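**Q** A single structure is presented below for examination.
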Amino acid sequence: MRILAFLTDPFTTTSILRHLNLPHTPPSENPALDVDPFLDLDQTPTFDPTEPDPIPEFDFDQTHRA
């Protein structure tokens with residue numbers, strides 16, 4: 001690969017990137033701030049923490065055999 005030229009003019013660079021349908025603006029410095037703060041996220045648990053754990057259907061032997 002050889003570098004044939006450096007494009008340093010912002011107008012020219014932006015024009016070429018727009019023509020190619022590529023992103024023509026730099027990314028934000030803090031992408032975490034790009035998230036919509038009012039986005040409704042359902043954070044309710046999928047289980048009821050007041051219910052006891054279910055009884056397993058199998059026996060699991062944890063004895064150590066020498």
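**Q** Check region 49-57 and report whether any residue there is of a type in the set (S, T, N, Q), exposed (fewer than 10 other Cβ atoms within 10 Å of the Cβ) and at pLDDT 75 or above.
**A** Among the residues of region 49-57, at least one is of a type in the set (S, T, N, Q), exposed (fewer than 10 other Cβ atoms within 10 Å of the Cβ) and at pLDDT 75 or above, which makes the answer yes.
**Q** Cβ-Cβ distance below 8 Å, separation of 6 or more or different chains: which pairs start in region 16-45 with a residue that is closer than 21 Å to Ala5 by Cα and surrounded by 10 or more Cβ atoms within 10 Å (Cβ to Cβ) and end on one that is of a type in the set (A, V, I, L, M, F, W, C) and at pLDDT 75 or above?
**A** Once the first residue is closer than 21 Å to Ala5 by Cα and surrounded by 10 or more Cβ atoms within 10 Å (Cβ to Cβ) and sits in region 16-45, its partners that are of a type in the set (A, V, I, L, M, F, W, C) and at pLDDT 75 or above give Ile16/Leu7; His24/Leu17.
The values are calculated or read from the model by the stated rules, or taken from the named source; none is laboratory data. Predicted, not measured: the structure shown is a model, and the values here were computed from it. Counting neighbours? That spans all protein chains shown, and the Cβs are built from the backbone with ideal geometry, glycine included.
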